[in-house]
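Below: the structure, in structure tokens.
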Amino acid sequence: AAHVEAAPRLGAAPHSAQEGEREALESVLVRSGAPAGFGDKLYRLWTMAGMLAAPVEVDRAIEDGDTLEGGGVTWRAVHSPGHSPGSLCFLDEVGGRLFSGDHLLPHITSNAIVEFSAVPGSGGNGPVLLRERNLEIYIDSLRRTSDLEAGEVHPGHGPTFRDHKALIADRMRHYDGRKVQIRKLLRDRGPSTVFDLALILFPEQRDATGQFLALSEVLGHLDLLETDGAVLRREDRARDLYVAVK
């Protein structure tokens, strides 16, 4: 999950799930060309961050379309995965207010962080974790959010803002521009790993967490380009190399 800072302080079952996710993440990091030990460094930072967070007990699961009463207002839950799988926005359909959490922020794009989903294993084996194409999922969520009628948006970070439809249109242009930028990079430098491209595009990111976010950003756009048929992915020993389609 995207926000797992408290996982090390939870009991045995959540810890086991975290271990399975760690193995899956290690595989993605290796295939992305991250240096040896990068995953260990990342998890050390996340563990330290988890010491600052207190775990909470979930007493109700909220699904897309569920309603909650609060402050004399009926709030409709809108499932908006992409930044995190369980991300929810809450819409006051009468007053035209939207609480967007980290799904939609006024000044920065929400990172579509590397995530995994469990699928049944073959031959009677247990479930296998597969990487989601999270930026594609996030863009679908943005399109759904753009269809909502909300005059005022309260984000998880930053000030209240208006005209979320214009902001989402701007985000879409940003993603298109990033795809063009990455494809040009691949044409100029030839076959490259995700980590190669992340360091070039985000040289200011020097710590493991920042570089992981950069890796997630680049990997998401490569997924989009691969879907468009604009890049090809090929295996080179333990790594994936991406090349631009001429």
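Side notes on the structure shown:
- Counting only residues that are over 23 Å from SER117 (Cα atoms) and crowded, with 16+ Cβ neighbours inside 10 Å, region 63-84 holds 2 of them.
- Across region 72-102, the qualifying residues are those that are β-branched (Val, Ile, Thr) and assigned to a strand (DSSP E or B), and the one among them that is nearest to GLY220 (Cα to Cα) is VAL78.
- Against the test of being of a type outside the set (Gly, Ala, Ser), touching a residue at least 24 places away in the same chain (Cβ under 8 Å) and out of contact with any helix residue (DSSP H, G or I) (no Cβ under 9 Å at 6 or more places or on another chain), the options ASP140, ASP207 yield a single qualifying residue, ASP140.
- Region 210-246: number of residues that are in contact (Cβ under 8 Å) with a residue 40 or more places away in the chain, assigned to a helix (DSSP H, G or I), closer than 19 Å to GLY39 by Cα and hydrophobic (A, V, I, L, M, F, W, C): 4
- Residue within region 114-131 that is among the hydroxyl-bearing types (Ser, Thr, Tyr), at pLDDT 90 or above and either in contact with a helix residue (DSSP H, G or I) (Cβ under 9 Å, 6 or more places away or on another chain) or within 28 Å of TYR175 (Cβ to Cβ) (or both) present: no
- Scanning region 103-137 for residues that are crowded, with 19+ Cβ neighbours inside 10 Å, assigned to a loop (DSSP other than H, G, I, E, B) and either touching a His at 6+ places or on another chain (Cβ under 8 Å) or at positive phi (or both) gives HIS103, LEU104, LEU105, SER110, ASN111, ALA112, ILE113.
- If the condition is being in a helix (DSSP H, G or I) and of a type in the set (Gly, Ala, Ser), then region 170-207 contributes GLY177, ALA198.
- Flag if LEU167 is part of a helix (DSSP H, G or I) and either under 30 Å from PHE90 (Cα atoms) or out of contact with any strand residue (DSSP E or B) (no Cβ under 7 Å at 6 or more places or on another chain) (or both): yes
- Looking only at region 1-46, and only at residues there that are of a type in the set (S, T, N, Q) and at pLDDT 80 or above, the one that is surrounded by the most Cβ atoms within 10 Å (Cβ to Cβ): SER32
The values are calculated or read from the model by the stated rules, or taken from the named source; none is laboratory data. On a predicted model such as this, the values are computed, not experimentally measured, just so you know. A quick note on method: Cβ atoms are made from the backbone with ideal geometry, for glycine too, and the neighbour counts reach across all protein chains shown.
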